[in-house]
Amino acid sequence: MSAVELAKRVRNKEISPVEVAEASIARREKLDSILHAYCVPTPDLMRQQAKAVEKKIMNGEEVGPTAGVPVGIKDLVMMKDYPTVSGSMAYKDYVSDQDDVVVERLKASDSLIHGKTNVPEFGYSGVGHNPVFETTRNPWNTDLTPGGSSAGSVVSTITGMTPYAIASDGGGSIRIPSSLTGTYGLKASMGRVPLWPGTKDERYPGVSSWENLEHIGPVSRTVEDAALMMSVIGSGPDPRDRHSLPGPEFDWLDCVKGDIKGLRVAYSSDWGYAAVDPQVRKAVGAAVKVFESDLGCTVEEAHPGWENPGAAFWPLVMAESDLTGLRKMVKMHGHEMTPHLVELIMRPWTAEEFTDAQMTRKAVNNMMWRFMQDYELLLTPTLAVPAFAVHMQGPEKIENRISGPLDWLSFTFPLNFTGQPAASIPAGFTDDGLPVGLQIIGRHLDDPTVLRASACFEAAHPWADKQPPILGKLGLA
């Protein structure tokens with residue numbers, strides 16, 4: 001069931017939250033020896049929470065909007081009294097003494113927390129393997145990556161271990177795995193969801209970075225489920241996050257209602273420079289036509305106009321990182337850390353690299369706001385490629401062109417530079433049955449239009465009945 005349907009039935013006493021918890025646990029136990037979505041499952045906590053929710057309902061007490069709904073928590077997000085390993089041997093014994101803001105809010109809303117979902121080391125990759133835990137696998141083809149860094153979260157969601165999960169996105173880490181697994185991933189406007197302590201607490205080298213790039217948000221199987229989660233985690237500011245915005249002037253669940261007839265929509269198939277797999281071009285091109293033929297929008301191909309800003313990405317990350325702490329970590333644990341992460345940390349960064357990156361970010365942002373004055377939405381592929389083999393950091397070649405390490409992510413990280421809302425929505429499939437994502441981008445702070453457009457596309461081009469083959473093979477479809 002969807003999260004919305006589960007919450008409704010639990011509140012109406014049609015389903016026991018204890019039954020929901022047991023069904024969720026049983027499903028994970030059947031699937032996760034193959035898929036490895038969870039690095040730290042918390043079945044005892046989930047059962048305890050389910051019993052508490054059931055007691056409140058039976059006593060006639062008020063429960064939260066997500067009461068009885070299972071949710072996975074990405075293992076870069078702190079959970080009090082439980083490990084936050086972040087895919088690193090340096091943190092393999094670390095247990096948090098506090099909850100992240102989003103975990104606080106989900107607990108207060110009577111959610112059932114299924115556990116911590118797997119990530120690459122400190123989230124510094126768009127894939128799903130790390131030095132500590134088993135590699136997370138793509139349910140559509142277990143030889144392939146589900147993407148990352150929210151790897152376990154999307155796998156939990158698309159296979160129904162949970163109807164949705166917490167993800168985070170500093171360069172595409174909500175949208176990347178959503179595109180590769182056929183889930184819906186929403187990166188709301190910067191500041192809609194407060195972040196603490198993962199990207200902001202100086203006590204945690206490694207995880208205390210990305211502050212001006214990072215977003216936390218939902219991955220889900222339906223647009224409405226993402227709106228439900230946002231109604232809880234995106235309910236207003238928190239003093240621990242200086243970037244957090246005032247409470248929204250709209251209702252998240254109302255955003256999925258209505259149509260988008262008459263909207264001016266731009267479509268950039270490749271930013272004007274990116275190599276894109278032909279299968280992705282085909283699936284996304286067909287999806288874009290739906291906005292004109294079925295949804296009543298005016299669509300034209302146009303590009304914001306920047307040159308490839310990829311060289312700015314890692315300097316922006318590292319400029320906000322605790323390089324002193326990270327380099328001490330490398331001295332102790334470098335032999336068991338992800339090689340490209342060690343290389344990033346130990347690289348002799350210059351002030352010019354950091355300031356050049358800031359200037360590139362400003363240029364991208366200025367070109368984007370000027371461009372968006374003419375359009376209410378911008379559509380692009382989410383990624384340049386479909387899923388590729390596990391234990392790679394990215395494909396070496398795209399559209400017969402040798403690709404750099406960020407080229408397959410060409411469409412995601414610029415939206416972290418600008419902070420505007422962007423979602424990945426299932427657009428279709430390649431000829432061999434791999435999901436392809438369409439990215440829907442809104443104007444600054446215009447989350448409602450992104451959600452409404454997503455819901456309209458979902459209604460015109462439904463995907464909820466599409467399930468990974470592994471579910472049928474295990475009798476779980």
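Just need a number here: residues in the range 8-37 that are of a type in the set (D, E, K, R), in a helix (DSSP H, G or I), in contact with a helix residue (DSSP H, G or I) (Cβ under 8 Å, 6 or more places away or on another chain) and farther than 15 Å from Met161 by Cβ.
1
The conditions are (1) closer than 30 Å to Asp99 by Cα; (2) surrounded by fewer than 23 Cβ atoms within 10 Å (Cβ to Cβ); (3) touching a residue at least 40 places away in the same chain (Cβ under 8 Å), and Met229 fails exactly one of them. Which is it?
Failing condition for Met229: (2).
Please go through the range 108-146 and pick out each residue that is touching a strand residue (DSSP E or B) at 6+ places or on another chain (Cβ under 7 Å) and farther than 18 Å from Ser168 by Cα.
Correct list: Ser111, Leu112, Phe133, Asn138, Trp140, Asp143, Leu144.
Filter the range 339-356 down to the residues that are surrounded by 15 or more Cβ atoms within 10 Å (Cβ to Cβ) and more than 24 Å from the chain's Cα centre (by Cα) and list them by number.
Those that are surrounded by 15 or more Cβ atoms within 10 Å (Cβ to Cβ) and more than 24 Å from the chain's Cα centre (by Cα): Val342, Ile345, Trp349, Glu353, Phe354.
Restricting attention to helices (runs of 4 or more DSSP H) lying wholly within the range 230-339, give those where 1 or more residues are under 30 Å from Arg452 (Cα atoms) and touching an Asp or Glu at 6+ places or on another chain (Cβ under 9 Å).
278-293
Exactly one of (1) within 28 Å of Met392 (Cα to Cα); (2) assigned to a loop (DSSP other than H, G, I, E, B); (3) hydrophobic (A, V, I, L, M, F, W, C) is unmet by Ala90. Its number?
(2)
Among the residues of the range 435-461, how many are assigned to a loop (DSSP other than H, G, I, E, B) and either at pLDDT below 95 or charged (D, E, K, R) (or both)?
Summing the residues that are assigned to a loop (DSSP other than H, G, I, E, B) and either at pLDDT below 95 or charged (D, E, K, R) (or both) in the range 435-461 gives 2.
Just one of the numbered conditions (1) in contact (Cβ under 8 Å) with a residue 24 or more places away in the chain; (2) under 22 Å from the mean Cα position of the chain (by Cα) is not true of Ala275; which one?
Failing condition for Ala275: (2).
So Tyr91 fits all but one of (1) out of contact with any Pro (no Cβ under 7 Å at 6 or more places or on another chain); (2) at pLDDT 95 or above; what number is the exception?
Every condition holds for Tyr91 apart from (2).
Could you tell me which residue of the range 432-477 is surrounded by the most Cβ atoms within 10 Å (Cβ to Cβ), considering only residues that are in contact with a Gly (Cβ under 6 Å, 6 or more places away or on another chain) and of a type in the set (A, V, I, L, M)?
Among them, the one singled out is Val436.
Exactly one of these conditions fails for Val40: (1) over 26 Å from Ser231 (Cβ atoms); (2) part of a helix (DSSP H, G or I); (3) in contact with a Pro (Cβ under 9 Å, 6 or more places away or on another chain). Give me its number.
That leaves (2) as the condition not met.
For the range 397-422, which positions are of a type in the set (A, V, I, L, M, F, W, C), part of a helix (DSSP H, G or I) and over 21 Å from Gly234 (Cα atoms)?
Those that are of a type in the set (A, V, I, L, M, F, W, C), part of a helix (DSSP H, G or I) and over 21 Å from Gly234 (Cα atoms): Trp408, Leu409.
Select from the range 131-145 the residues that are polar (S, T, N, Q) and under 21 Å from His114 (Cα atoms) and write down the one among them that is surrounded by the fewest Cβ atoms within 10 Å (Cβ to Cβ).
Across the range 131-145, the extreme among qualifying residues is Thr135.
Could you give me the residue pairs with C-beta distances under 7 Å whose first residue belongs to the range 394-409 and is closer than 16 Å to Val280 by Cβ, whose second residue is acidic (Asp, Glu) and surrounded by fewer than 17 Cβ atoms within 10 Å (Cβ to Cβ) wherever it lies, and which are 6+ apart or on separate chains?
Ser403/Glu396
Can you tell me which of Thr380, Thr418 is without any contact (Cβ under 8 Å) to a residue 60 or more places away in the chain, among the hydroxyl-bearing types (Ser, Thr, Tyr) and within 30 Å of Ala319 (Cα to Cα)?
Every option except Thr418 fails the conditions.
Scan the range 158-184 residue by residue and report those that are among the small types (Gly, Ala, Ser) and crowded, with 24+ Cβ neighbours inside 10 Å.
Ala165, Ala167, Ser168, Gly170, Gly171, Gly172, Ser173, Ser178, Ser179, Gly182, listed by residue number.
Six or more apart or on different chains, Cβ atoms under 8 Å: show the pairs whose first residue is in the range 123-150 and over 19 Å from Lys473 (Cα atoms) and modelled with pLDDT under 95 and whose second is basic (Lys, Arg) and buried (at least 24 other Cβ atoms within 10 Å of the Cβ).
none
For the range 423-432, state whether one or more residues are in a loop (DSSP other than H, G, I, E, B), under 25 Å from Gly217 (Cα atoms), of a type outside the set (A, V, I, L, M, F, W, C) and in contact (Cβ under 8 Å) with a residue 24 or more places away in the chain.
No, the conditions are met nowhere in the range 423-432.
Criterion first (of a type in the set (Gly, Ala, Ser), under 11 Å from the mean Cα position of the chain (by Cα) and either closer than 21 Å to Ala226 by Cβ or buried (at least 24 other Cβ atoms within 10 Å of the Cβ) (or both)) does Gly148 satisfy it?
Yes; evaluated as a whole, the condition is true for this residue.
Quick one: which residue in Glu320, Glu301 is more than 24 Å from the chain's Cα centre (by Cα) and surrounded by fewer than 20 Cβ atoms within 10 Å (Cβ to Cβ)?
Just a single option satisfies the conditions, and that option is Glu301.
Under the condition of being touching a residue at least 12 places away in the same chain (Cβ under 8 Å) and under 23 Å from Ser231 (Cβ atoms), which residue from the range 81-106 is surrounded by the fewest Cβ atoms within 10 Å (Cβ to Cβ)?
For the range 81-106, the residue satisfying everything is Asp99.
The values are calculated or read from the model by the stated rules, or taken from the named source; none is laboratory data. In this text the structure is predicted, and so the values were computed from the model without any measurement. As a convention, Cβ positions derive from the backbone with ideal geometry for all residues, glycine included, and neighbour counts pool all protein chains shown.
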